[in-house]
Amino acid sequence: MKISTKGRYGLRALLDLAVHSQGEHVPLSNIAERQTISENYLEQVFSSLRKAGIIKSVKGAQGGYILADKASDIRVGTILRVLEGDLSVANEELNHDSGVSIQECIQIKVWDQMTERINEFVDSITLEDLVQEYKAMSGNGAIMYYI
């Protein structure tokens, strides 16, 4: 399984939105500029995310995008499935006419279990987790004072 540009850019743009919105609408042009992604391409990506109810948009001079829910309620797995579709590693066409096949054994014991673990992993991460990690890595987290 390989995540496409749509999935990678979409996740980047949503993290940017979560980091920079602070309750305000963020113009798509600002996200595109900060992330060096084509604004036209992001419009297509955000259209899918808006239809899925992950973000909301407001038109006009003060318009832009905002998360539809709290970042802590938005899972990376949900975002990727909206943009990528099913996150399965492999889906073999199985022939059940001749009983259990080697193909079926591999599908059940390898591909299905890999897919399950990938889905568990991406569903365990929220957009808020990424915001906090980004802030910690970039030094934008809260400054701790010790006495």
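The values are calculated or read from the model by the stated rules, or taken from the named source; none is laboratory data. Everything quoted here is computed from the prediction, not taken from an experiment. Using ideal geometry, Cβ is built from the backbone for each residue, glycine included, and neighbour counts are taken over all protein chains shown.
So, residue 24, is that one without any contact (Cβ under 8 Å) to a residue 24 or more places away in the chain and surrounded by fewer than 15 Cβ atoms within 10 Å (Cβ to Cβ) or not?
So residue 24 fails the test.
Give, as residue ranges, the helices (runs of 4 or more DSSP H) completely inside segment 1-101 that count at least 2 residues that are closer than 22 Å to residue 116 by Cα.
Filter on segment 1-101 gives 5-21, 76-84.
Looking at residue 48, is it surrounded by 13 or more Cβ atoms within 10 Å (Cβ to Cβ), in contact with a helix residue (DSSP H, G or I) (Cβ under 8 Å, 6 or more places away or on another chain) and over 22 Å from residue 123 (Cα atoms)?
When the stated conditions are applied, residue 48 does not pass them.
Anything in segment 58-85 that is at negative phi, over 11 Å from the mean Cα position of the chain (by Cα) and surrounded by fewer than 19 Cβ atoms within 10 Å (Cβ to Cβ)? List them, or say none.
Listed by number, the residues that qualify are 58, 59, 61, 62, 63, 66, 68, 69, 70, 72, 73.
Give all pairs with beta carbons closer than 7 Å in which a residue from segment 104-129 that is of a type in the set (Asp, Glu) meets a residue that is surrounded by 14 or more Cβ atoms within 10 Å (Cβ to Cβ) and assigned to a helix (DSSP H, G or I); count only pairs at least 6 apart in sequence or on separate chains.
Partner pairs satisfying both residue conditions: 123/77; 128/71.
Yes or no: residue 119 part of a helix (DSSP H, G or I), at pLDDT 95 or above and more than 18 Å from the chain's Cα centre (by Cα)?
Considered against the rule, which asks whether it is part of a helix (DSSP H, G or I), at pLDDT 95 or above and more than 18 Å from the chain's Cα centre (by Cα), residue 119 comes out as no.
Go through segment 133-147 and report how many residues are surrounded by fewer than 15 Cβ atoms within 10 Å (Cβ to Cβ) and either assigned to a helix (DSSP H, G or I) or at pLDDT 90 or above (or both).
Residues flagged as surrounded by fewer than 15 Cβ atoms within 10 Å (Cβ to Cβ) and either assigned to a helix (DSSP H, G or I) or at pLDDT 90 or above (or both) within segment 133-147 amount to 5.
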